[in-house]
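Here's the structure, in structure tokens; my notes come after.
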Amino acid sequence: MPIQTIHVNGAELTYHEEGAGDPIVFINGTLGDYRTWRRQMVAFSATYRAIAVSQRYYWPNSWPDDGTAFGISAHAADLAELLRQLKLPPVHLIGHSYGGAIVTQVALEHPELVRSLILGEPALGSLIAEHPDGPPLLAEFAQARRVAYDDWQAGHHAKALEENLTFVFGREHFDRVRAEHYEIMAENGAVLGAAYRPRPPAPSFTEAQVRQLRMPTLLIAGSATKRMFGIICDTLAGYVPWVDRVTLADASHTLGMEVPDAFNRAILDFLVDK
């Protein structure tokens, strides 16, 4: 099926759809788009109606504004409306990193739209604010975001992109996926200026909220990921009532990009009888 475009909430969203069966929807992290999931589209379209979405501000969509609305609230509202416009039954919803926060928000606000939830190292940093190691790790990430934003605003685009990706993924693990994914990330580089710009704090995810997730949930982490992501997954696993967990050997935050076969198998195994 060709790439398609739909308009929701005043924004343009592009999506790629393949296969037939129960719908499974993929939502990218900060520097991805629907192409990030190409290895998953091949694997899942054999038995599922697989849909990979480029959210507002992401390639190849035109921007509806200067990025002011960038954030979980807008992206979650867009995703919920997309699911409704496509007239989908409850979906298996997959989100990586920032995309994990978006799909979590949709599952909390619109549980009737979500059949199961798959979270690849979701960016739910507020959950670890009370963890002994949480504040310094969150501060470290906040500083890295500030540096990337300042470099981008100063016109040092390649530097901002490279340093941000190296910090989040780790040099060795980023180099493993560079050849296949760097162009995609670079074409979404302008998102750094929208996602990392200084702004009032967004609404935080709380323990009480995530305990309300009633759908089957899978947490996927990498064994070699940043400590912050590991703590988030540990914390979330203790809160979500119906949760399975998989750790992918020798993988960093790249997950489905770096070890797609193991990532895909973990999800397919989880979805049996879901």
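Return the whole-Å distance between the Cα centroid of the range 231-274 and the Cα centroid of the range 198-224. Answer, in whole Å: 14.
Considering only beta bridges that DSSP places wholly inside the range 1-110, some 55 percent are antiparallel.
Normalised by the residues of the chain, what does the relative contact order come to in percent, with Cα pairs under 8 Å and at least six apart?
On the way: 515 pairs, mean separation 51.6, N = 274.
Here the relative contact order equals 19 percent.
Taking only the Cα atoms of the range 85-170, the radius of gyration and Dmax are 16.5, 46 Å. Listed by number, the DSSP H helices of the chain that run 15 Å or longer by alpha-carbon position along their axis and have mean Kyte hydropathy of at least 0.0 are 72-85, 98-109, 157-169, 227-239, 260-271. Stretched out straight at 0.36 nm per residue, the stretch from ASP244 to ALA142 would grow longer than its current Cα-Cα span by 33.8 nm. With Cα atoms as the point set, the chain shows a radius of gyration and Dmax of 17.2, 51 Å.
By the rule of a C-alpha distance below 29 Å, with chain neighbours fewer than 8 residues away ignored, the lysines paired with LYS274 are LYS87. Cα convex hull, the range 1-143: 117 Å³ per residue, rounded to a whole number. Test of understanding: extend the Cα→C-beta vector of LEU108 to 7 Å, then name every residue of the range 121-137 with backbone N under 16 Å from that spot. So the set is 122-130.
Hey, could you get me the Stokes-Einstein D for the range 78-132, Kirkwood radius over alpha-carbon pairs, 4 °C and 1.567 mPa s, rounded to whole µm² s⁻¹? The calculation lands on 111 µm²/s.
Note on the chain: with a GNM built from Cα contacts shorter than 10 Å, the maximum mean-square fluctuation among LYS159, LYS87, LYS226 falls on LYS87. One way to sum up the overall shape of the range 52-91 is the equivalent ellipsoid from its Cα gyration tensor, whose semi-axes run 21, 11, 8 Å, largest first. Once the chain from ALA186 to ALA154 is taken as fully extended at 0.36 nm per residue, the excess over their C-alpha distance is 9.9 nm. Of the residues ASP78, ASP261, ASP66, the one that moves most in a GNM of the chain with alpha-carbon contacts below 10 Å is ASP66. For the options GLN85, GLN105, GLN40, a Gaussian network treatment of the chain with springs between C-alpha atoms closer than 10 Å singles out GLN85 as fluctuating the most. Its residues counted as N, the range 135-239 yields a C-alpha radius of gyration over 2.2 N^0.38 Å of 1.23.
No value in this document is a laboratory result; all are computed from the given coordinates. Note that the structure is a prediction, hence the values are computed from the model and not measured. Virtual Cβ from ideal backbone geometry, glycine too; neighbours counted across all protein chains shown.
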